[in-house]
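For reference, the structure is listed below as structure tokens.
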Amino acid sequence: MNMDYFLGIDCSTQSLTAVLINLSKNEVIIRYSINFDEELPYYNTQNGVFSSNGGKVVHSNPLMWVEALELLFKALVQKNLPLNEIKAISGSGQQHGTVYLNNSFETTLKNLDSKKSIVNQLQKVFTRETSPIWMDSSTTKQCEEIRLELGGLEPTISITGSNTFERFSGPQIRKFYEQNYDDYIQTSSIHLVSSFLSSILLGKSSPIDYGDGAGMNLMNIRTNQWDDKALDATAPNLRQKLPPLVNSYDVVGKISPYFVERFGFSPETILVAWSGDNPNSLIGVGLTEKGKAAISLGTSDTYFSFMKTLSFDMMGEGHVFRAPTGDFMSLICFKNGSLAREAIKDKFNLNWNEFGEILRKTPPGNFGKIMLPYFLPEIVPLVLEPIVYRFGFDENDMQGNVRGIIEAQFLSMRLHSEWIQEQKEEIYATGGASANKEILQIASNIFNTKIYQFEITNSAALGAALRSAKSYYDSINESINWTELVNRFLKIQDNYIIQPNNKYKELYDDLLEVYRKCEKFVLKNGEDPKQIRKDFVKKYFAN
Ligand code: XUL
């Protein structure tokens with residue numbers, strides 16, 4: 001029987017992962033990862049990166065990603081997986097990272113010898129040996145320069161979808177131009193991690209897709225074109241160095257003969273544009289319609305949602321990217337996720353069960369005890385030096401701190417996602433802390449929204465596999481609707497749905513206003529929240 005196999009590959013910070021799916025049976029055949037530190041130790045990365053300058057400069061090695069791709073395919077061959085039956089491949093890359101290439105890149109790719117490893121043949125194609133990645137925060141000066149040149153915060157956001165951010169590609173490219181002028185001049189093309197690896201599979205320079213292009217501060221978010229003003233504000237002659245932009249669902253070509261000869265892929269395998277890991281995860285977790293958002297509770301917490309219509313965060317904290325469906329998506333990143341939760345858990349020597357027990361026993365609203373939890377420097381809202389504020393309690397109050405941190409995290413998430421105008425109807429929760437029902441119940445009450453709790457692993461690679469399937473069926477005129485496609489892989493069970501308790505709706509609406517005032521008071525010299533907090537305590541806790 002003819003099977004419809006599709007492959008998704010995700011090049012993340014610490015590893016490269018493949019997810020192979022069989023759409024005839026709606027099943028995942030294999031998830032397989034190459035961990036960079038463990039399997040490619042001679043690149044000397046730590047957690048996939050090299051950092052210097054007190055952690056401000058964070059780079060990785062593009063050759064390491066290529067070598068991981070070779071190792072991955074070798075492993076799939078050894079496992080006797082039907083690579084020759086794969087109909088289409090797409091991929092995902094950590095966003096914002098840039099790869100700098102000279103004019104031999106194209107010819108080298110075209111003439112790859114399938115008897116030799118790619119890595120050895122690509123040694124001379126780079127004008128910058130290492131690639132700055134999303135963890136780099138060394139471009140504050142360039143962010144300011146670009147923002148100023150674009151006319152300030154508002155025009156920057158309304159052109160590119162985001163304020164200038166240190167990790168975004170434009171500021172990183174400007175830094176390279178300013179500090180390594182000769183190498184910048186020698187650079188013929190600049191790729192993202194996603195389009196670079198797509199080029200390797202394609203055997204020639206691949207386009208950048210709108211989803212990942214939106215994380216560069218260079219693409220016009222309304223027209224999906226490189227924006228002249230943004231290009232000029234960043235570096236000279238940049239347009240000539242950037243690949244063209246395409247829809248995330250565009251077929252960019254067929255797999256190059258190198259992979260056919262070396263690993264046994266079919267020469268008919270089609271390649272769909274790669275995208276960033278967040279746009280891919282949007283599909284991998286099933287956010288393909290209006291009203292759906294996801295919270296990912298990991299090292300950092302992220303909130304992302306599908307958006308039918310474009311809206312901007314004029315505070316400059318959140319991002320708008322293009323979604324792989326052709327719509328939009330929001331992304332907001334909070335650095336104080338698990339580490340902040342753990343700081344409280346560990347301070348009181350609790351395990352997660354005890355932590356959950358305290359959440360169950362303490363009342364919503366926490367007797368008006370409010371925490372602003374910046375245990376680490378925070379991205380949203382911007383807090384450069386770690387500092388924890390407590391209103392109405394101190395650091396030794398165990399119950400106050402346990403409920404305080406969790407309520408603070410979700411109040412902050414609700415507050416800083418208000419700019420997304422579309423109504424949320426359901427939230428999908430993923431990531432380590434989403435296993436904790438008590439935490440999700442508080443999130444559900446604060447957002448007053450149903451939360452679906454489910455295990456999703458490798459959502460970016462799965463998203464890439466699903467995207468490749470969608471484009472393949474479109475190309476043979478057997479179109480499947482996005483939602484039908486993702487639902488085949490998302491099996492939510494009823495007992496994993498957490499319903500908001502309506503009883504607390506008003507309380508959390510009020511508490512949000514108190515939280516907003518506390519944040520403004522501390523970060524923006526706003527009015528003292530004493531009175532509003534007192535009123536809140538009186539309304540809900542006076543007896
Ligand atoms: C998003 C971001 C990260 C990277 C790495 O803006 O910087 O999520 O994509 O995963």
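Please treat every number below as a calculation from the coordinates, not as lab data. Being a predicted model, the structure only gives us computed values, none of them experimental. Methodologically, a virtual Cβ is constructed for each residue, glycine included, from the backbone with ideal geometry; neighbour enumeration extends over all protein chains shown.
Annotations for the structure displayed:
- Exposure proxy order (Cβ contacts within 10 Å, fewest to most) of Met371, Met3: Met3, Met371
- Simple spin-label estimate for Glu425 and Glu527 in nanometres, 7 Å along Cα-Cβ: 3.7
- Label-reachable residues, the range 115-129, where backbone N falls under 20 Å from a point 7 Å from Asn44's Cα toward its Cβ: 120, 123-124, 126-129
- Relative contact order (percent, whole number), the chain, Cα cutoff 8 Å, 6+ residue spacing: 15
- With 29 Å as the limit, the listed pairs Lys56/Lys437; Lys204/Lys470; Lys361/Lys450 have Lys56/Lys437 beyond it between alpha carbons.
- Using the Cβ of Lys534 as centre and a radius below 15 Å, the other residues enclosed give a net charge of +1, where K and R count +1 and D and E count -1.
- Relative packing of 500-511, 110-121, 241-252, 326-337, which averages over residues the other C-beta atoms within 10 Å, highest first: 326-337, 241-252, 500-511, 110-121
- Extending 7 Å from the Cα toward the beta-carbon at both Phe454 and Val537 defines two label points whose distance is 4.4 nm.
- R0 of 60 Å, Cβ-Cβ distance Lys116-Lys437: FRET efficiency to nearest 0.05: 0.65
- Theoretical FRET efficiency, 1/(1+(r/R0)^6), r = Cβ-Cβ of Ile185 and Lys290, R0 60 Å, to 0.05: 0.85
- Ranked list, fewest to most other Cβ atoms within 10 Å of each Cβ, for Met398, Met135, Met216: Met398, Met135, Met216
- The chain: Rg to Rh, with Rh as the Kirkwood radius over Cα pairs: 0.98
- Leading residue at positive end of dipole, the chain (Cβ point charges), from Leu16, Phe541, Ile157: Phe541
- Between the alpha-carbon centres of the range 32-66 and the range 261-318 there is a gap of 23 Å.
- Amide N of the range 422-461 lying under 14 Å from the label point, which is placed 7 angstrom from the Cα of Asn502 along Cα→Cβ: 448-450
- Peptides 516-526, 455-465 ranked from most to least packed, by the mean per-residue count of other Cβ atoms within 10 Å: 455-465, 516-526.
- Simple spin-label estimate for Glu27 and Lys520 in nanometres, 7 Å along Cα-Cβ: 5.7
- Net length gained if the chain between Glu261 and Glu513 were fully extended (0.36 nm per residue, minus Cα distance): 84.5 nm
- For the range 106-236: rounded, prolate or oblate by the Cα gyration tensor [a/c cutoff 1.5]: prolate
- Neighbour net charge for Trp482 - beta-carbon separation under 15 angstrom, K R +1, D E -1: +2
- Cα gyration tensor, the range 184-250 - rounded (a/c under 1.5), prolate or oblate: oblate
- Judged by the mean number of other Cβ atoms found within 10 Å, the most tightly packed of the peptides 440-446, 272-278 leads the ranking 272-278, 440-446.
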